Amino acid sequence: MLLIKCPYCGERDQSEFTNGGEAHVTRPKNPEQVTDREWAEYVFIRSNPKGIYYERWVHSHGCKKWFNAVRNTSTDEILLTYKIGETPPLIKKFQNILKSPSGEPDVGSGNFTVKKP
Amino acid sequence: MTDNKIYFKFDGKRYGGNKGDTIASALLRNNVKLVGRSFKYHRPRGIYTCGIEEPNALVQIINEHNEPNVRATVKKIYEGMVVKSQNRWPSLKRDFGSVNNLLSPIFSAGFYYKTFMGPKGFWKNLYEPLIRRTAGLGKPPHEFKSKSTHLHHNVDILIIGGGLSGLLAAKKLAGTNKDVLLIERENELGGILKNSNKIKSINDQEALEWLEKTERLLKNSTNIKILKNTTVTTYNYSNHLTAIEDKSVGAQPENKKPELVLHKIRTENTILANGHIERFLSFRNNDLPGVMLAASFEKYIQRYDVVPDNNPIIFTNNSSTFSLLQLLINRNCKPKAYIDVRDVKKIERETLNLLEAHNIPFYPKSEVEGCDGNSEIKKISVRTKKNKIIKIKASMLCVSGGLNPDIHLFTQSKGLVKWDEKILTFKPEKSFQNTITLGSVSGNFIFKNIIEEINKKLSFIDGTNDIDLKIEVNGSEEFNIKEIWETKNNNKSLWSKSFIDLQNDVTTKDLTQAIREGFDRIEHLKRFTTNSMGTDQGKISSINALGIVSKLLRKSVSEVGTTTYRPPYNPVSFSAIAGRSTYEFYDPERKTPIHPWHIKHNAVFEDVGQWKRPWYYKKYENETMNEAVQRESKHVREAAGILDGSTLGKIEIKGKDALEFVNMMYTNSFTKMRPMSAKYALMLGEDGMIKDDGIVCKINDNHFISTTTSGGAANVLSHMEEFAQTEWPNLNVYLNSITEQFATFNISGPKSRMILSRVFNDVDFSNNKFPYMTFKNINYLNYRVRILRASFTGEQGYEIYVPPKYALTLWERIFYYSRDIDLVPYGTETMHLLRAEKGYIIIGQETDGTVTPLDLNLNWMIGKKKKDFIGKRSLTRSDIIKADRKQLVGLVPIDKTYGIEEGQHVIEDKNIPSKIDKPIKMLGQVTSSYFSPTLNHSIAMALIKGGNRKIGSQIYVSTSNMNVIPVEVVKPNFLDPENKRLLS
Ligand SMILES: [Zn+2]
C-alpha cells in the first residue's frame, strides 16, 4: 500500500485516497467552439506513459481535498504532491530517475528480479 | 493420566507428544513416517522438513472447522487435537488413487491441457469430476466463522527474524530513540541458535545462555517490541508490510477470541534477517518417506529433542552438514554413511577427521543414485567415485543440496538479486526501498563476518554503537559447495521418478519435456509444468529447477532468471484478510428513522446501496409481493399512499456563486427560476451521458438543495466536489451532504392534499397558494419542516422533509389524521410501478451510462440558452445525434392478457428460428415492465433503435421460453398524459 502525502494532512495510507486520473487536462474554455475531435480529446483521451505521470488524487476518506501528484508509473513511486492551482514541476526535474529510454529504471520496476550479468 | 504427555489423534489413532511439539515432531517421536499422499500420483509421502518450507506433510485439522493444508511441521499439537492425512482414499496405507502412479507415464507435463480437450461436454461431465476426485489437496473447511482482527503499526525500524542476526541488530538498536518492531516466526527467539549445533559459544557463553540474556535485555528496553508466532507474508511499496500472528499456538482456538491477527506495518527502514532455506536434490525416488533435509533433521534433534532416525545416511554437496554429523556422533547415533559429492580435497578437515575418528563409511566424490522401498526407505543406492553402484540398508536419508538465502520478501520489495557463483544461489544485490539484509539472507553464511556486517550496514542509524562479540562455531567457518542439481539415474524405467516439485508432483523429466516442447522461458515453463506453483511455492526446490533448466539450455542461471516471487510468502487465511469485516460488519446497514414502524407493519425490505428500504408491506400473512404491489398501487391512485423516501440523497449547495455552479452541474437553467421553487433536474457526465437525476430546490441565488438517487448520493457529491475544486476553484461554493439531516416522506394520491391540510392546519395547500414544484418552510410543533409539492407517481403529491429526531412522531401523526381516509404505506416496488405508468425514468434502470437526455426525449430539461454545462458539448457530437440511437418508448402487448418480461430483447422479426445459425437482429431491450392494475394490462418501457420513429408500429418482445409477444410501440406515458391528476 502506497504512502501518499496529502498536501493538507500529511502522509496517509493509500486506502484513504481515490485516484482521479490524469492531471492538467484542461477543459476547453468555449466548448461550443471546439471541434468534435478536440472535445473528444478532452473527454476521452489520456496519456499513459511508462515513467513520469502527472495525476490527480482526492483524499476521499480524509479532508476530501483534491490535489496533484507526480508518479513514476514503472515503480509506482509517488515523487511529489502539490496543491491544485500550483505550478506543476518540470518533467526535467525527474529525468535522472529514468535510467533507460523506455522509462524503465534498473531497480523496482517489477519486470526484472535478477540483475543482468 | 500421570505422564505429562499431550495426546492427539492422527488418522483415528491416538499418539502422545511433548509440550511444544509440532504435529510432525510428535509423529516422528512415535516413529510415524508416512503422513500423506501426493497431489497427482498419490505416492506415499513423509515429513521432508522442519518448518514453513514443508512441501509434503500437509494435514487437515478436523476439530478446527476441518482446516485443510495445514503444515504438520509448523502446527503445534494440543490436547484433544484431531488430525487427518489428506488426499487418500480409503486410507493412507491402501490408497485407491495410487493407480495414478501406475498410469504415471501418461501424466506428463501439460497432460491436462493436451488430453482432456474434446469432445464437447466431456470436460464438464466426465473429465472434471474424475480429476477432482483424484487430484488436489485437502477438503474445504466447513461451518467456518472468522475470528480475526487487524492491527496497525508505525515504526522506525522493522526487524524480520529473531535469529542471531536479528537479535544482534535489535541489541544494537536497544536504548536508541528508534521505535523497533522485531518479528519472529517461531514461538521462541533464537533461530539458528535453537535449530542447530553450529554455534559453539558467544562471548565464551553457551549459545542458549547468551540467547536468554539477550532476550531479557531486549524485553527490558523500552523501544523494542517483539512479536512471536508471526510471519511476514507481504512486502509492499512504501515499506508497508503485512504479517500474520497466530494467537492460538499449541492450544485449541478459543471461541470468542481472535485466532489470527493481521499486522499492517509501516516502517522507515526494514531489516531483513530472515535467514535461509536449505534446498534438496533430485534423484530417483527422492520423495520416498524417510528422505529429509539435513538441517531439518538437525532441527528436530536440537529444538524438539526428537532423533528421527538413529542411523541415517547423510548426503551432501556442501560444508553445512558437519554440524549434523557432529551432533549425531555426540548423541551416539552413528550415521550409516556420509556421502559427499565433493572431492576429498575440497572437504573440510574437521569433517574428515570426525569421519575417520568414528569410523563412519565415507563416500567422497559420490552421489545417491536413488532409494528404494514400498512406503518408506529400505535401501539407498550410492554411485561411488569409481561409478559403481552399491546398496546400503537404511531407513532415513538426510539431504543437503545447498543453502538459499530466503530472498522472497526481498524480491517482493522489488530489490534486485544476483547469482553468486561461489555459493551457487541468488542473493540480494540492490535494494529498491529502505531495506537492509543481514546474515544468511544476504548470502553471508560465515558467522564471524556477521558482526562486521551489522556494524557496517547499521552505522547510519543515529545513537548506535559498534558491537563487539566473539562467536565460536563448530567445524569450519568456510562455506564450500559443489554444483549438482540431479544425480545420474540408473533406472531407465518409465515409472522411475526424480522429483523437482514434491507438492505438485513435477519430475525433472517434466522440465526436459517442457523445454523440448518449446516452453524454454522460465515463466512459461513454470506454468506448463506447474513447478513451484504449490502452496509451498517451491521453497526447497525452485532454485534447483533453475539449475536444471540452465544446464538443459546451456545458459547461465542469471540468463535463465527466476520467476517472480509473489506475495504472500506463505498461505494466508481469508479469515485474516477479512478481519472484522465479516457478516453484519461486512458492509454497514443504513436504516431510516421510520425503520421500527416498517418492521411493525410487516415490511419486506430491499437493499438499496447500504440502505434497507421497504419493498412492499404484507397486509396479511400469505400476501405475495405481486398482490401487495397491485393493492398498494391501486390504493395510491384511488386515495393516498405514503412512501418513506428518507434514503434520497440530499446535498446543500451554498455560496456567492452557487447559482453559477448549479447551472454548470445540471442540464436545466436555474437563473430565471423563482426562489422557493423546485425543478426536476438532470446531471450528465462530460460524455453527455445521464449520471443522476433529482429535484433542485432554490432557496435563493446563493442557496440550493438538491436531491439525488438513493444509491448515487456519495458519487454525486464527489462529482460536484471534483469540479468545484479542480475545474472552478475560483467559484465561491460550498457543498455539504445533508442526507441524514432530513427524513423524507412522499405522500401522493387524490386525497393527499386533504391529509396534509389536516396535519398542518395553518398552511394553505390550495393550488394557487401552493402550486406544483414550489416549497415552503414551516414550523411544526417547534421544529422546522420543509414541504415540497412534487410527485413521482403522477398524482397530486407532497414531499415532507423533517429532522430525523421528529420523523417517527410526524409519520405516526399523519396516519392518525388520515385514519378515516385509508392512507396506505407503500414500498419501492409500488413506487416503481406508479412511476412507470407515468413514464418517469429510474436512473440505472432506463439508463446504464450510455443513455443521453435526447435518447429519453428529455430535451425539455436542457437549458437551451445556457452557454455551457457539464456534458453539453457532447450532446452535439455526431454519434450522439444519430437518428438510430436507442430511444425510450412504451410497449403495450397487442393481446392485453400477456405480460412482458423485464430485460427481454426487442426484435423486429416475428419468428425465432428453431435452429439459430446467424445472429437475430435486435432492436433493444425492455428496461421496465409491470402489470398496471389501474389500466388493467401490462405496460413496459424499452430502449430501442430509432424508437421515436417506431411509435405506432408493431414489433416483438422475446420471452424466456423462446417465444415472442407482439407489442405496440407507444409513447412512454400510459396514464394521464395531460397531467390532470398531477396538477389537480
Ligand atoms: Zn487530506
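FYI, it's all coordinate maths here, none of it is from the lab. If you're wondering where the values come from, they're calculated on a predicted model, not measured in any experiment. Because the Cβ atoms are built from the backbone with ideal geometry, glycine has one as well, and the counts that use them run over all protein chains shown.
With θ taken as phi - 60° and the Karplus curve 6.51 cos²θ - 1.76 cosθ + 1.60 applied, the whole-hertz 3J(HN,Hα) list for region B:959-972 is 10, 5, 9, 6, 10, 10, 10, x, 10, 9, 7, 10, 5, x Hz, x standing for glycine and proline. For region B:802-818, putting each phi into the Karplus relation 6.51 cos²θ - 1.76 cosθ + 1.60 with θ = phi - 60° gives couplings of 9, x, x, 4, 9, 4, 5, 4, 5, 4, 5, 4, 4, 5, 4, 6, 10 Hz, in residue order, rounded to whole numbers and with x for Gly and Pro. Amide hydrogen proximity for B:Lys200: with H placed 1.01 Å from N in the peptide plane, the residues at 5 or more positions away or on another chain lying under 5 Å are B:Glu472, B:Val473, B:Asn474.
Calculated on C-alpha atoms, the gyration radius of region B:849-917 divided by its Kirkwood radius gives an Rg/Rh of 1.12.
For region B:325-371, the Kirkwood estimate of the hydrodynamic radius, built from every pair of different alpha carbons, is 11.2 Å.
In the protein assembly as shown, a dipole from Cβ-located charges (positive for Lys and Arg, negative for Asp and Glu) runs towards its positive end, and of A:Gly20, A:Leu3, B:Ile500 it is B:Ile500 whose Cα lies farthest in that direction.
Backbone amide hydrogens, once placed in the peptide plane, bring B:His276 within less than 5 Å of B:Asp406, excluding anything fewer than 5 places away on its chain.
What is the calculated FRET efficiency for B:Leu352 to B:Lys918, with r their C-beta to C-beta distance and R₀ = 60 Å, to the nearest 0.05? Don't skip to the answer; put the middle values down first.
On the way: r = 82 Å, r/R0 = 1.37.
That pair, B:Leu352 with B:Lys918, gives E of 0.15.
Derived scalar couplings between HN and Hα for region B:392-400 equal 10, 6, 6, 10, 9, 10, 9, 10, 10 Hz in order, rounded to whole Hz, by the Karplus curve 6.51 cos²θ - 1.76 cosθ + 1.60 (θ = phi - 60°), x for Gly and Pro. Size descriptors for region B:775-842, from the alpha-carbon set: Rg then Dmax equal 13.8, 39 Å.
Based on alpha-carbon atoms, the Kirkwood radius and the radius of gyration of the protein assembly as shown give Rg/Rh equal to 1.06. Over the Cα atoms of region B:452-501, Rg to Rh with Kirkwood Rh, two decimal places? Rg divided by Rh gives 1.36.
Note on A:Arg12, B:Arg185, B:Arg383: ascending count of other Cβ atoms within 10 Å places them as A:Arg12, B:Arg383, B:Arg185, the fewest first.
The H on the amide N of B:Asp692, modeled in the peptide plane, is under 5 Å from the matching H of B:Met683, each at least 5 residues off or on a different chain.
Treating each Cα of chain B as an identical point scatterer and summing with the Debye formula, the log10 of I(q)/I(0) at q = 0.05, 0.06, 0.08 Å⁻¹ comes to -0.49, -0.66, -0.92. Within the same chain, aspartates and glutamates fewer than 8 places from B:Lys650 are excluded, and of the rest, those with a Cα less than 20 Å from its Cα are B:Glu589, B:Asp607, B:Glu660, B:Asp692, B:Asp693, B:Asp701, B:Glu721, B:Glu722, B:Glu740, B:Glu799. Taking the helices alone, the protein assembly as shown has a mean residue ellipticity at 222 nm of -5500 deg cm²/dmol, built from -39,500 (n - 2.57) per DSSP H run of at least 4 residues and averaged over all its residues.
Equivalent-ellipsoid semi-axes for region B:173-308 (Cα gyration tensor, √(5λ), whole Å, largest first): 29, 22, 17. Applying both filters, DSSP loop and at most 14 other Cβ atoms within 10 Å, to the GluC sites (Glu not before Pro) of region B:413-453 gives B:Glu421.
When the Cα atoms of region B:577-663 are enclosed in a convex hull and the volume is divided per residue, what value in Å³ results?
210
Please go through region B:150-198 and write out the GluC sites (Glu not before Pro) that DSSP classes as loop and that have at most 16 other C-beta atoms within 10 Å. Answer in residue order: B:Glu188. At q = 0.14, 0.17, 0.25 Å⁻¹, what is the log10 ratio I(q)/I(0) for region B:518-569, with the Debye formula run over Cα points and no solvent? Taken in order of the listed q values, log10 I(q)/I(0) reads -0.32, -0.48, -1.00.
Given the convex hull of the Cα atoms of region B:390-492, what is a quarter of its surface area in nm²?
On the way: hull surface 42.4 nm².
Hull-based average projected area comes out at 10.6 nm².
For each pair in B:Lys213/B:Lys247; B:Lys93/B:Lys393; B:Lys19/B:Lys84; B:Lys194/B:Lys497; B:Lys40/B:Lys488, compute the distance between the two Cα atoms and list the pairs where it is over 30 Å. Too far apart for the 30 Å limit: B:Lys194/B:Lys497.
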